[in-house]
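Student: To start, I am sharing the structure in question, which I have written as structure tokens.
The values are calculated or read from the model by the stated rules, or taken from the named source; none is laboratory data. These figures come from a predicted structure and were not determined experimentally. Don't worry about glycine lacking a Cβ; one is built from the backbone with ideal geometry, like all the others, and counts go over all protein chains shown.
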Amino acid sequence: MPGITNFIAGVTPEESRTGEALYKSKVVNNLPAVLGHNWGPWTLTKKATADSKGEEKRTCSRCGEEEVREISKLTPTPTATPAAKPSSKPTVKPTAKPTSATPVSLKLDKRSLSIVSGNTAALKATLIGSSAKISWTSSDKKIAKVDSKGMITAKMAGTVTITAKAAGKSAECTVTVLYKDVTNSKDFWFAPANYMTAKGVVKGYADQTEFRPANACTRAQMVTFIWRLSGSPEPKTKTSRFSDVKNTDYFYKACLWGNEKGIVEGYKDGTFGPQIVCARRHAVTFLWRLAKKPSPKSSKNKFKDVKKGDYFYTATLWASEKGILAGYDDGTFRPNGNCLRRQMVTFLYKFEKNVKGRG
């Protein structure tokens, strides 16, 4: 058959080791050499990717020979590059950056205020950073009260603190309620009367609305004022040595204490004379004794009606030196003159300021 070759090999008995004749044939298909290959279609055996090559093969239908070839790696398709800038600007403006919260503060339009007894005055509070309700209080409603709107009503002489509170904040105003008859700040007794009233040393009349500065000061009043100025101490003595001082009297403890300390003395008849008007010499002597009888630095006497032999001589010179008393324009002290309430409160105020360093 054309294209087919039959090869035959033979061995004679004489040449064979076994003594047998042997034959072997082989048929070789040499059609491809004559006719050529008849290749089938390429078949994919391995897909190509971007990372590895692929493979495909085909087979000859005449001889069954297979042919394999590579498929190149795939080339990745690049992603489109986005535009560097947006095609159009946004039409809506960005929201403004939030600002920090406003600090909360509370302030009053006045830090101090003077009101005459029976009158009213308004305080204005300004609250920033909060819409909380403002509350008002008085440290002593007997002296002055305040309503929910900051309106103050002065009731009697004295000093109070009015406080406004809101949102955890507070503000204060010191209110001085004046006596109806002590309103002129130019009067020498204006500051002394208000200071001693605020300290609780002196009391007024007509429900603490009048001071009555021109009234005479009695011995009972004077010793009581000195006792209060000293802090109202308890006397060691429980029994009065004065026949006209009873344990129901408002000046009882003051009189016992004053006598104990050698500040006040009685009369030879065993009385204290509480209702006797206190003379100017008495007032200055009481204060000198309260200071423990100090000696004046100077022996110069500027008062023509004060003599060296007078029991109040040293006390008068000391009090003048300390600025407690000034005397009159005619160069007199007038030791026998009545000590008026305005004079008495001024003596006490100057003693507190010039001797004790307070006020």
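Student: I'm trying to understand the selection: among the residues of the range 289-319, which are exposed (fewer than 13 other Cβ atoms within 10 Å of the Cβ) and either within 14 Å of P335 (Cβ to Cβ) or not polar (S, T, N, Q) (or both)? Can you show your working first?
Tutor: At the first step, the residues of the range 289-319 found to be exposed (fewer than 13 other Cβ atoms within 10 Å of the Cβ) are 292-293, 295, 297-300, 304, 307-309, 311.
Within the range 289-319, K292, K293, K297, K300, K304, K307, K308, G309, Y311 qualify.
Student: Further question on the same structure: Just need a number here: residues in the range 107-123 that are more than 14 Å from T174 (Cα to Cα) and part of a loop (DSSP other than H, G, I, E, B).
Tutor: The number of residues fulfilling the criteria is 3.
Student: What are the residues in the range 193-220 that are more than 14 Å from I263 (Cβ to Cβ) and outside any loop (DSSP other than H, G, I, E, B), if any? Step through it out loud before you land on a result.
Tutor: In the first step, residues of the range 193-220 are kept if they are more than 14 Å from I263 (Cβ to Cβ); the result is 193-218.
Residues satisfying the conditions are A193, N194, Y195, M196, T197, A198, Y205, E210, A216, T218.
Student: Here is a follow-up. Is it true that some residue in the range 253-267 is among the aliphatic types (A, V, I, L, M) and in a helix (DSSP H, G or I)?
Tutor: Kept after step one, since they are among the aliphatic types (A, V, I, L, M), are these residues of the range 253-267: 254, 256, 263-264.
Adding the requirement that they be in a helix (DSSP H, G or I) leaves 254, 256.
Yes.
Student: Any residue that is in contact with a Gly (Cβ under 7 Å, 6 or more places away or on another chain) and hydroxyl-bearing (S, T, Y) - is there at least one of those in the range 292-312?
Tutor: The answer is no; no qualifying residue exists.
Student: Between a first residue in the range 107-120 that is over 12 Å from K145 (Cα atoms) and a second residue that is at pLDDT below 95, which pairs have beta carbons less than 8 Å apart while being 6 or more apart in sequence or on different chains?
Tutor: Taking only residues 6 or more apart or on different chains, not a single pair turns up.
Student: From R281, R241, grab the single residue that is among the charged types (D, E, K, R) and buried (at least 18 other Cβ atoms within 10 Å of the Cβ).
Tutor: On the way: R241 fails: buried (at least 18 other Cβ atoms within 10 Å of the Cβ).
It is R281.
Student: Oh, and also: Can you find even one residue in the range 221-228 that is surrounded by 13 or more Cβ atoms within 10 Å (Cβ to Cβ), more than 30 Å from S105 (Cα to Cα) and touching a His at 6+ places or on another chain (Cβ under 8 Å)? Full working, then the answer.
Tutor: Let us first name the residues in the range 221-228 that are surrounded by 13 or more Cβ atoms within 10 Å (Cβ to Cβ), namely 221-228.
Within this subset, residues satisfying the condition of being more than 30 Å from S105 (Cα to Cα) are 221-228.
Okay, now just the ones that are also touching a His at 6+ places or on another chain (Cβ under 8 Å), so 222.
Taking every residue of the range 221-228 in turn, at least one turns out to be surrounded by 13 or more Cβ atoms within 10 Å (Cβ to Cβ), more than 30 Å from S105 (Cα to Cα) and touching a His at 6+ places or on another chain (Cβ under 8 Å).
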